[in-house]
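Presented below is the structure to which this report refers.
Derivation of every value follows stated rules applied to the coordinates shown; laboratory data play no part. These numbers were taken from a predicted model, which means no experiment stands behind them. Ideal geometry is used to build each Cβ from the backbone, glycine not excepted, and the neighbour counts take in all protein chains shown.
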Amino acid sequence: MKIVKLLSMLIVLCASWLLMPQARASCTSPNIPSQIQLPDIRVSSLLAPGSTIPGTEQTVTVHGSCDSADDGLPVIACYYGSGAESAGFPGVYDTGVAGIGITLINAQGQRIRGSGIKCDTRGTPLGYISTDGAKSFNFTLTLALVKTSAQVGSGALDQAQTVFGLGVFDHEGIGSPNHVSYAGNVTFSQVTCAVTPQSLSITLGDFPVSDFTHVGATTAAKEFDISLLCNDTVQPEVMISSANGYESSYPGVVKLTPENGAAGGVGIEMTFDGMAATFDRYEKTAGLAYSNQTLQIPFTARYYQTAGTVTPGPANGVATLTLAYQ
């Protein structure tokens, strides 16, 4: 069995139609209002305009119910700040900090485009009122900042410019207030960092199924480093993600890529800085990246037996490493 581990590096420093007042809102959620904490952010000079600024993506799960709402109505969001839509970037709104915009993203990865309390964003809904009579809803959304120009200004982002409102279209707001925003002001500055390599393949090797004798059996780990060189001292953060998904019962294990004849009963275990990898969230590196000094960030990968029986076949995987800087 052979695995090809592809690591695509992102170089980084890295609401609704409300016909009634919020006070009468009959839709409630324990998750709304939501104020999301965000640390000070260093924005890479190499990050392309239009890109989400790594480290700012914050996902919220929203669930709740309505007292009275028609089954199947869409739940939508609208931008409540005063910033104009950033030229050339639909669904991204000016924050008052040069080169920094804000966006809200639904579970399908679509940026919500619409502002004001009576906007109509049904084309990019967050979710829907259930059709089982419970009048419930359950969805995720992601608040994120976007680089909107080559040059990014320094300064603090006003919290009022980060607010989105949620509600059931042509009905009620969700919560009182019905807001999702960052908590407090966020300070920005720009830094230049070089990450190498920007992609790589790792071959874990071929192994007979007889090597896998029990759940938890592993092969020898393959080590690899990511090098980081910045022109100012930063605290790097790393997020590991995989479109293949994860073995939830086994920390740090990525599922194999689905393909004809693929091996079964194994996954790929990853470590980062000597610890089992956590997925889809940022973790600080053990050390700082000091100004003009290369930081080596260590990783390992190996096969991990996840079932009592292992079947032979291709055992490939893919992961993405995203770096953010504070």
(request) Please state the charge dipole magnitude for the range 192-325, taken about the Cα centre, from unit charges on C-beta atoms (+1 on K and R, -1 on D and E), reported in debye and rounded to the nearest 20. (result) 80 debye
(message) With the crude spin-label approximation of a point 7 Å out along Cα→Cβ, what separation in nm comes out for Thr131 versus Ser210?
(response) 5.6 nm
(request) Note the full-extension length gain between Gln159 and Ala84 as 0.36 nm times their separation in residues minus their Cα-Cα distance, in nm to one decimal. (result) 25.4 nm
(request) Quick one: grab the alpha carbon gyration tensor of the range 11-191, order the square roots of its eigenvalues as a ≥ b ≥ c, and give me rounded if a/c is under 1.5, else prolate or oblate depending on whether a/b is larger than b/c. (result) prolate
(request) Please report His214, His63 as a ranked list, fewest other C-beta atoms within 10 angstrom at the top and most at the bottom. (result) His214, His63
(request) Figure the gain on full extension for Ser68 and Ala183 (residue separation times 0.36 nm, minus the Cα-Cα span) and round it to one decimal in nm. (result) 38.3 nm
(message) Two decimals, Cα atoms only, Kirkwood Rh: what is Rg/Rh over the chain?
(response) 1.04
(message) Need the full-extension length gain, Lys284 to Ser149, defined as separation in residues times 0.36 nm minus the C-alpha distance. One decimal, nm.
(response) 45.9 nm
(request) Apply 1/(1 + (r/R0)^6) to the Cβ-Cβ distance of Phe224 and Asn260, taking R0 = 41 Å, and write down the FRET efficiency to the nearest 0.05. (result) 0.90
(message) Going 7 Å from the Cα of Leu200 along its beta-carbon direction, which residues of the range 211-250 have the amide nitrogen within less than 14 Å of the resulting point?
(response) 222-229
